[in-house]
1. Taking the range 13-50, which residues are loosely packed, with under 12 Cβ neighbours inside 10 Å and touching a Leu at 6+ places or on another chain (Cβ under 8 Å)?
2. Looking at the range 161-173, which of its residues are in contact (Cβ under 8 Å) with a residue 40 or more places away in the chain and either over 17 Å from residue 230 (Cα atoms) or over 19 Å from the mean Cα position of the chain (by Cα) (or both)?
3. Restricting to the range 9-58, give me the number of residues that are without any contact (Cβ under 8 Å) to a residue 40 or more places away in the chain and of a type in the set (S, T, N, Q).
4. Within the range 5-74, considering only strands (runs of 3 or more DSSP E) that don't extend past its boundaries, which have at least 2 residues that are farther than 15 Å from residue 86 by Cα?
5. Take the residues of the range 63-92 that are in contact with a helix residue (DSSP H, G or I) (Cβ under 8 Å, 6 or more places away or on another chain) and among the acidic types (Asp, Glu): which is nearest to residue 126 (Cα to Cα)?
6. Are any of the residues in the range 64-78 among the hydroxyl-bearing types (Ser, Thr, Tyr) and crowded, with 20+ Cβ neighbours inside 10 Å?
7. Can you work out which of the residues in the range 216-234 that are among the β-branched types (Val, Ile, Thr) and either more than 23 Å from residue 188 (Cα to Cα) or under 26 Å from the mean Cα position of the chain (by Cα) (or both) is modelled with the lowest pLDDT?
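The values are calculated or read from the model by the stated rules, or taken from the named source; none is laboratory data. Bear in mind the structure is a predicted one, so any value in this text is a computation, not a measurement. Methodologically, a virtual Cβ is constructed for each residue, glycine included, from the backbone with ideal geometry; neighbour enumeration extends over all protein chains shown.
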Amino acid sequence: MLALRIRAPHALALEELPDPEPGPDEVLVEVQAAGICGTDLEVLRGVHEAYRTGRGSFPITPGHEWSGVVRAVGSRVTRFAPGDLVTGETGLGCLRCEVCLMGRHSICPNLVETGIFNRDGAMRQLHLHPEVFTHSAAGLSPLQAAAAEPTAVALHACRRGRVGVGDTLAVLGCGPIGLLTIQVARACGASAVLATSRSRPKLDKALELGADRVVNVAAEDVRAAAEDFTGGEG
């Protein structure tokens with residue numbers, strides 16, 4: 001198979017590697033789509049925290065936002081079969097420590113992160129992923145499924161902010177996470193969304209995806225715009 005490999009900081013190469021075989025609890029996925037995240041660029045530059053502190057090491061295959069079709073499954077896998085469209089979580093906890101047993105595996109002290117450190121990611125033709133951290137993407141397109149991880153970030157933000165029916169909110173920044181947050185907030189019932197950015201194309205995209213009012217922070221006062229947008233409530 002072909003795999004994109006980061007051999008060292010700023011050293012990226014396409015390599016031919018042996019096709020992997022799934023372990024008993026793994027699924028082997030033929031990758032259909034993989035997103036490029038700012039974290040991938042941090043790893044490529046060698047400035048990601050895991051590499052600055054020695055937790056991570058090169059070479060590594062990036063890619064933690066992905067989707068694919070199951071090609072084969074391990075002997076103990078029961079939830080998936082060849083042909084299923086799936087995606088997967090980035091942070092893989094040990095599932096043995098106290099934190100994992102509390103259901104907080106994303107902050108496991110023994111965490112490895114797919115495509116970031118200590119486990120190869122999905123910028124390769126065939127990707128291995130533990131069944132327990134793999135999720136069905138049935139009903140989605142491969143591109144939609146590959147966006148599940150950043151969409152989960154937006155959903156978590158809206159849940160933490162208790163966004164609900166009739167709420168008014170501001171989304172500060174219209175990068176991918178901000179644009180996804182606008183859409184998730186709308187799905188949660190928000191009735192009015194203000195979005196900010198320095199980029200005109202991003203502001204136009206925010207309007208397209210559900211923002212009611214956009215503010216170019218390079219040219220407008222955000223506080224004044226927010227007060228006007230909310231009728232003085234702020």
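1. 13, 14, 16, 19, 21
2. Within the range 161-173, 168, 170 meet the criteria.
3. Looking only at that region, the number is 1.
4. 11-16
5. 65
6. Within the range 64-78, one or more residues are among the hydroxyl-bearing types (Ser, Thr, Tyr) and crowded, with 20+ Cβ neighbours inside 10 Å.
7. Of everything passing the filter in the range 216-234, 222 is modelled with the lowest pLDDT.
Here is a yes/no grid of residues against (1) assigned by TED's automatic domain parsing to the domain that holds residue 183; (2) in a helix (DSSP H, G or I):
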position: 81; (1), (2): no, no
position: 95; (1), (2): no, no
position: 100; (1), (2): no, yes
position: 109; (1), (2): no, no
position: 120; (1), (2): no, no
position: 127; (1), (2): no, no
position: 155; (1), (2): yes, yes
